[in-house]
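Accompanying notes for the structure given below.
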Amino acid sequence: MSSEFNSEKESPGFMLWQVTNLWQKAIRTALEPFELTHPQFVLLFSCKWMNEHNDHTSITQVQLAQYTQMDVNVTSQVLRTLEKKGYIERRPHPTDSRANVISVTKAGDTIASQAVQAVEAEDRAFFSSLGHEVEQLNRILQQLTKR
């Protein structure tokens, strides 16, 4: 069986795979000084952001997993690591005995605020060759997240 594409550059999936790998490598390098993996950073900063933008209401693990599009079990494992590092606290939800409420500690807030600067700087550098076309890329990526 052969491919319908004459070149790998015609395959959007393969091209996305290549770009994603290059971008993830750059982000891993940016996060090394903070001793955070990319999933740890995404969950830590997302929790911080969600709490700040939701008037510090109770954010649950499930809500965080849905927001980041991360598997619930993976989310739980990563949060466990962040908790051991002292960056988040998990406590029982006040009205749902099956849920945990996630909050960012002072140490977690500090590291998330520093790490996001490095990640955003790396994003700017990585996507700089697109110029204003980065806005078009964002629109296309947003379309794909609505599947």
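Quick notes
- Positions within region 85-112 being among the hydroxyl-bearing types (S, T, Y) and either free of Cβ contacts under 8 Å to residues at least 40 places away in the same chain or farther than 24 Å from P33 by Cβ (or both), in sequence order: T95, S97, S103, T105, T110
- Residue count for region 28-74, restricted to those that are over 11 Å from the mean Cα position of the chain (by Cα) and in a helix (DSSP H, G or I): 20
- Condition check for G108: over 25 Å from M15 (Cα atoms) and assigned to a helix (DSSP H, G or I): yes
- Here region 1-39 is the region considered, the condition is being at pLDDT 95 or above and basic (K, R), and the residue that is surrounded by the most Cβ atoms within 10 Å (Cβ to Cβ) is R28.
- Pairs where the first residue, in region 57-76, is charged (D, E, K, R) and the second is assigned to a helix (DSSP H, G or I), C-beta under 9 Å, 6+ apart: D71/A65
- Within region 93-106, one or more residues are surrounded by fewer than 18 Cβ atoms within 10 Å (Cβ to Cβ) and in contact with a Phe, Trp or Tyr (Cβ under 8 Å, 6 or more places away or on another chain).
The values are calculated or read from the model by the stated rules, or taken from the named source; none is laboratory data. Everything numeric here is computed off the predicted structure, so don't read it as measured data. Don't worry about glycine lacking a Cβ; one is built from the backbone with ideal geometry, like all the others, and counts go over all protein chains shown.
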